[in-house]
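The next block holds one structure in the form of structure tokens; read it before the comments.
Coordinate-derived values only; no laboratory data. Keep in mind that this is a model prediction, so the values were computed, not measured. Counting neighbours? That spans all protein chains shown, and the Cβs are built from the backbone with ideal geometry, glycine included.
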Amino acid sequence: MENKIPNKLINEKSPYLLQHAYNPVEWHAWNDEAFNKAKEEDKPIFLSIGYSTCHWCHVMEKESFEDEEIAGLMNKSFVSIKVDREERPDIDSVYMAVCQVLTGSGGWPLTILMTPDKKPFFAGTYFPKESKYGRTGLKDLLPKIETLWKTERQDLLTSANQITDAMQLTSDSRFGNDFTTSIMDLAFRQYRERFDNQFGGFGNAPKFPTPHNLLFLLRYYQRTKNNEALEIVTKTLSEMCKGGMYDQIGFGFHRYSTDRHWLVPHFEKMLYDQAMLMLAFTEAYQVTGEELFKQTVYEIYEYVSRELTSVDGGFFSAEDADSEGEEGKFYLWRTEEIRKIVGDDSDLLINIFQLKEEGNFLEPFKGENHGENIPHRLKSIDEYAIENKLNSEELNLKVSQSLKKLFDERDKRIHPHKDDKILTDWNGLMIAALAKAGAVFEEEKFVRSAETALQFILNNLQMSDGLLLHRFRDNDAAITANLDDYAFLIFALLELYEATFNAKYLLQAEKFQKVINKHFADEVYGGFFFTSDFAEELIIRQKEIYDGAIPSGNAVTMLNLLKLSCYTGNHDYENKALDLSRAFQEQVKATPMGHPFLMVALEFMLSQSYEIVIVGNPHAEKVRKAISVLRKKFVPNKIVIYKNSEDSNALDEISNYTTNLTELNGEPVFYLCKNFTCELPTTDFNELLNKLG
């Protein structure tokens, strides 16, 4: 029976914390009150970290945190703290690193037992209520820890101090040497070795999309013309598009595939996955012109605008995997349902989307089949039409109409929970993706959506002193911004500049970069800390370069610095980027494939980069055509500056080498600069284009 008396989480804004507000566990949020209570009552801390759309977090809550017996053990011997990892990535990253060091793996829910002064002595992930299958249950673990705390306290404290000291050592980095292009060659070989030739992606199962892998491989292909790199990208994107990991009816990508074939996903949908995949599909389209990739970009946009966009234009965080207490229930179909809803074309749809009478959905970890199906395709609609000698246009129309019927019917179901908090960093990624896609496809609605979201962030998550906050929900902006917040928003601002050529975006990007340089920099060893010098002090101050589901803030900052150096002509930015790369050289060189976005930045730094300046009237046909061609062409190591011959004051304020660049005899003129050295200007755009390769 549900406990009707709320605990202290009832006053929080986080959807994840609010999900636990009526647990019988006496949860606290991460705050001084909780730690003072632990000190006063001489109790260890039970720290539980998760997020609102996490399936196994829901399982652990239902099994244990809603259980009166387990709650009694926790309330008696511990002070229990809940943390939303998406609200407090600083806390999560510290204790996840602890878990990985102590256990060799990590994940959520993350369970940490620690002293009242925040030093951990035990770590794990999901714990069932009862011990089974070799996994310790909370019913056994909690009394054991209580006994150790009372009888062997000194051993626990010694262990906690040793763990904290070890974590401090791992967070320190020392200057290494300069990278060369050989590091990218090694990264490519590592990707090639792990590439699944049959189904795309890397490794066996589970398979994560990790689009930043593909962003690097596209750049590697561009520089080396190694066709294998491009084949890895196109095979992976094509297979993901056709699989069950892609929502064939409502669009958008699920979190990851539990199998090698991209068939059975973990059904949650994350904003950052939509953003990074939109970037990957957009760039893959630039390289290949493949229509499927363009269509997928438009479908991702449709999903995000429909399900993850607030009325004010900011982007929500995620949709849950579960509905009505079951993972994937919202997305599954029985063939008899399809026939009833679709009617005459149902057999066609059943064939194309590989639906079976007995079902194709085997529950992950259980292997049970209940006659339910995940729609997926083995081939495109056009390929199916050719193979079956059908009219492609008519078939596409029939399939589209049938899917619309299924979508309308599915919309009546109970929807998965939506995590409606708005995070600055994830919004930055989505804004960047929309700006990039808007420029490449010359799609105004993408750019408008990006600009509206940016304005939402600047209006609601920027304080009067210009500093950012991390989270907005329920009209409340809070939590000191971290490196990712600034880095990803700068990334977005630079993409928006090239999508609009509005110089205010470059100005704002510079302002935020100055905040990073002042408050996040490691002045001794280079690179940037995840937290600012005025943020809450944790047991260690981390400095990360490894990419997870999203790129590391340091890698994105390196690319931002290199681009800002090109835009402004300020060599200090380039020098900071070089120092950053040296700071992580030692830890990156063994496993470069674990650092794909750093590889993206290195491709920019170590390849020939181009600064292209267009000067002319915005209404001139020559200007419009040149901008259109440059936006469509995949030259990732270029930046484009447009100087309006009628109004260049804002641009001249930022860029110290464009001030004297003018039209020639009233004609639009094109300047090609390499490493801040400009060639002779030309009024023939094709002449410049030929030099880009």
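Structure summary
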| read-out | value |
| --- | --- |
| Farthest positive-ward along the chain dipole, Cα basis, beta-carbon charges - from 234, 500, 24 | 234 |
| Cut-off under 5 Å, modelled amide H: who pairs with residue 81 long-range | 28, 46, 47, 48 |
| Ranked 27, 333, 149, criterion: other C-beta atoms within 10 Å, fewest first | 149, 333, 27 |
| Length added when fully stretched, residue 635-residue 590, from 0.36 nm per residue minus Cα-Cα | 13.4 nm |
| Burial ordering of 64, 346, fewest other beta-carbon atoms within 10 Å first | 346, 64 |
| Long-range amide H partners of residue 256 with built H, under 5 Å | 266 |
| Euclidean distance of C-alpha centroids, region 537-603 and region 439-473, integer Å | 24 Å |
| Prolate/oblate/rounded label for region 8-171 (Cα gyration tensor, a/c 1.5) | rounded |
| The chain - mean residue ellipticity at 222 nm from DSSP helices (-39,500 (n - 2.57) per run, n ≥ 4, rounded to 500) | -15000 deg cm²/dmol |
| Ranked list, fewest to most other Cβ atoms within 10 Å of each Cβ, for 406, 664 | 664, 406 |
| Over region 8-171, relative contact order from alpha-carbon pairs under 8 Å, at least 6 apart, % | 23 percent |
| Mean separation of Cα contacts under 8 Å (6+ apart) over length of region 608-664, as relative contact order % | 46 percent |
| Dipole-positive endmost among 478, 57, 664 within the chain (Cβ charges, Cα centre) | 664 |
| Phi to ³J(HN,Hα) by Karplus 6.51 cos²θ - 1.76 cosθ + 1.60 over region 43-55, Hz, x for Gly, Pro | 10, x, 9, 9, 9, 10, 10, x, 8, 5, 9, 8, 4 |
| Prolate/oblate/rounded label for region 521-561 (Cα gyration tensor, a/c 1.5) | oblate |
| Charged-residue dipole, Cβ positions (Lys, Arg, Asp, Glu), region 101-242 about Cα centre, Debye nearest 20 | 340 debye |
| Cα-centred dipole magnitude for region 610-691, charges only on beta-carbon of K, R (+1) and D, E (-1), debye, nearest 20 | 540 debye |
| Cα gyration tensor category, rounded, prolate or oblate, for the chain with a/c compared to 1.5 | oblate |
| Sequence-distant lysines (8 or more away, or on other chains) whose Cα lies within less than 23 Å of residue 643 | 436, 504, 511, 563, 622, 625, 632, 633, 674, 691 |
| Residues whose placed amide H lies under 5 Å from that of residue 678, excluding near-sequence neighbours | none |
| The chain, dipole about Cα centre (Lys/Arg Cβ +1, Asp/Glu Cβ -1), debye to the nearest 20 | 940 debye |
